[in-house]
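Have a look at the structure below, then the notes.
The values are calculated or read from the model by the stated rules, or taken from the named source; none is laboratory data. Only a predicted model underlies this, so the values are computations on that prediction, with no experimental measurement involved. Glycine gets a Cβ as well: all are built from the backbone with ideal geometry, and neighbour counts include every protein chain shown. Quick note on the areas: whole protein, heavy atoms, side chains included, nothing else; ligands and nucleic acids left out. Shrake-Rupley method; radii C 1.70, N 1.55, O 1.52, S 1.80 Å.
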Amino acid sequence: MYFLAIESSCDETAAAVFTDSREVLSNVVASQADLHARFGGVVPEIASRAHLRNLLPVLEEALAQARITLSDIGCVAVHHTPGLVGSLLIGVSAAKILAVALEVPLIAVNHVAAHIYACRLAAKREIFPCVGLVVSGGHTALFDCDSALNMRFLGGTRDDAAGEAFDKVAAILGLGFPGGPAVEREARHGNPYAYAFPRAFLDSERLEFSFSGLKTAVLYACHGQNLSRAQPVEPGPRRADLAASFQEAVVEVLVEKCRQALQQTGRGVLAVGGGVSANQRFREQLQQLCEEEGVELAIPPPTLCTDNAAMAALAVEKWYAKDFAPPDLDAEPNFL
Ligand code: KG4
Ligand code: ZN
């Protein structure tokens with residue numbers, strides 16, 4: 001059976017085709033990064049309008065790459081929460097219309113849970129029960145996952161998400177948007193111990209994060225506290241050291257909170273998803289953590305870490321559980 005899935009929660013318009021045995025036949029992503037770059041972040045109305053323009057071509061491409069037509073589709077899946085409401089509405093509307101027109105069931109998928117499910121998809125075997133970490137532009141949250149359909153929230157960020165901190169620090173350092181990959185590239189030439197940036201809640205057992213103080217510390221390290229005299233940070237060793245030291249602080253906090261979550265839950269698998277998990281330094285440190293703790297690391301390749309519609313294959317689990325969306329399904333911007 002073929003599933004057609006749609007993702008439009010933020011600034012990526014995406015569609016995927018997969019089967020009821022979780023085989024991904026196509027995974028098409030149209031990035032809007034170029035449209036938002038000059039604003040230094042995602043502009044919601046521009047994102048919604050771009051989804052409106054891109055969605056049909058992306059759907060057609062997903063079907064073409066899978067070598068099927070709409071009439072082959074047996075179920076439609078869509079990320080309906082969380083995200084930018086105007087962006088979500090485009091994908092949810094399209095999915096509802098497709099499901100009605102094709103007379104097939106509609107399945108609503110939580111985008112954050114889907115980031116963890118990307119680990120299951122990539123592993124091609126069971127990874128549950130596990131500890132799940134989602135670390136993206138909108139979320140930094142730990143879950144105790146009994147199964148794909150039962151994820152208990154353990155704790156999250158009190159302020160900025162880790163990816164948001166990468167984006168904001170990239171702006172401070174003049175590295176452009178999206179910030180994560182740019183900071184990672186800059187950090188390769190820097191000394192990660194040049195600046196002792198704060199690592200929030202490291203001494204606490206609580207599974208919480210905070211990145212806004214770290215972002216401010218980078219700002220002050222760049223410009224001093226008199227921001228009215230702020231000069232752009234010049235390319236060179238100092239900028240590379242700032243990027244590397246910032247990245248190291250984020251990575252260390254994320255890794256140590258995963259260690260605490262593994263120890264507190266006793267789970268034998270750590271699943272990590274979301275855009276920040278594309279970061280190579282983070283992946284290396286996670287690998288080391290899992291070796292030290294004697295647990296298995298489930299982490300997707302970078303294309304399944306950042307936003308995509310294939311991770312909505314969580315819908316396959318919902319299909320077997322007969323968990324279908326109601327006809328009045330709405331977009332929900334907040335994380336439930
Ligand atoms: O999961 P995602 O594509 O979208 C959301 O659901 O938010 O994550 C996007 C975030 C952005 O903040 C981006 O800067 C960050 O992931 N990101 C990275 C890297 N690639 C993407 N952060 C650090 N290193 C990377 N290589
Ligand atoms: Zn995401």
Residue check, residue 314 within 15 Å of ligand 1 (Cβ to nearest atom) and at pLDDT 95 or above: yes
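This table checks each residue for (1) within 23 Å of residue 104 (Cα to Cα); (2) assigned to a loop (DSSP other than H, G, I, E, B).
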residue: 18; (1), (2): yes, no
residue: 27; (1), (2): yes, no
residue: 30; (1), (2): no, no
residue: 36; (1), (2): no, no
residue: 42; (1), (2): no, yes
residue: 50; (1), (2): no, no
Residue within segment 21-40 that is surrounded by fewer than 20 Cβ atoms within 10 Å (Cβ to Cβ), on the phi > 0 side of the Ramachandran plot and away from ligand 1 (no atom under 16 Å from the Cβ) present: yes
Of all residues making up segment 150-178, the number that are in contact with a Ser or Thr (Cβ under 7 Å, 6 or more places away or on another chain) and part of a loop (DSSP other than H, G, I, E, B): 4
Boolean, residue 143 is within 16 Å of ligand 2 (Cβ to nearest atom) and either modelled with pLDDT of 95 or more or open to solvent by less than 30 Å² (accessible area, probe 1.4 Å) (or both): yes
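Residues are listed down the side, and each one gets a yes or a no for (1) touching a residue at least 24 places away in the same chain (Cβ under 8 Å); (2) part of a helix (DSSP H, G or I); (3) within 25 Å of residue 157 (Cβ to Cβ):
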{"residue": "184", "(1), (2), (3)": "yes, yes, yes"}
{"residue": "193", "(1), (2), (3)": "yes, no, yes"}
{"residue": "200", "(1), (2), (3)": "yes, no, yes"}
{"residue": "204", "(1), (2), (3)": "no, no, yes"}
{"residue": "216", "(1), (2), (3)": "no, yes, yes"}
{"residue": "222", "(1), (2), (3)": "yes, yes, yes"}
{"residue": "242", "(1), (2), (3)": "yes, yes, yes"}
{"residue": "248", "(1), (2), (3)": "yes, yes, yes"}
Matching residues, segment 17-33, being within 14 Å of residue 57 (Cα to Cα), aliphatic (A, V, I, L, M) and at pLDDT below 95: none
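Residue-wise test of (1) touching a residue at least 60 places away in the same chain (Cβ under 8 Å); (2) under 23 Å from residue 115 (Cα atoms); (3) among the acidic types (Asp, Glu); (4) assigned by TED's automatic domain parsing to the domain that holds residue 313.
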residue: 17; (1), (2), (3), (4): no, yes, no, yes
residue: 20; (1), (2), (3), (4): yes, yes, yes, yes
residue: 34; (1), (2), (3), (4): no, no, yes, yes
residue: 49; (1), (2), (3), (4): no, no, no, yes
residue: 56; (1), (2), (3), (4): no, no, no, yes
residue: 62; (1), (2), (3), (4): yes, yes, no, yes
residue: 66; (1), (2), (3), (4): yes, yes, no, yes
residue: 76; (1), (2), (3), (4): yes, yes, no, yes
residue: 86; (1), (2), (3), (4): no, yes, no, yes
Selected residue (only one of 114, 122, 118 is surrounded by fewer than 24 Cβ atoms within 10 Å (Cβ to Cβ), within 16 Å of ligand 2 (Cβ to nearest atom), of a type outside the set (S, T, N, Q) and within 12 Å of residue 305 (Cα to Cα)): 122
Helices (runs of 4 or more DSSP H) fully within segment 256-336 counting 2 or more residues that are closer than 15 Å to residue 80 by Cα: 314-320
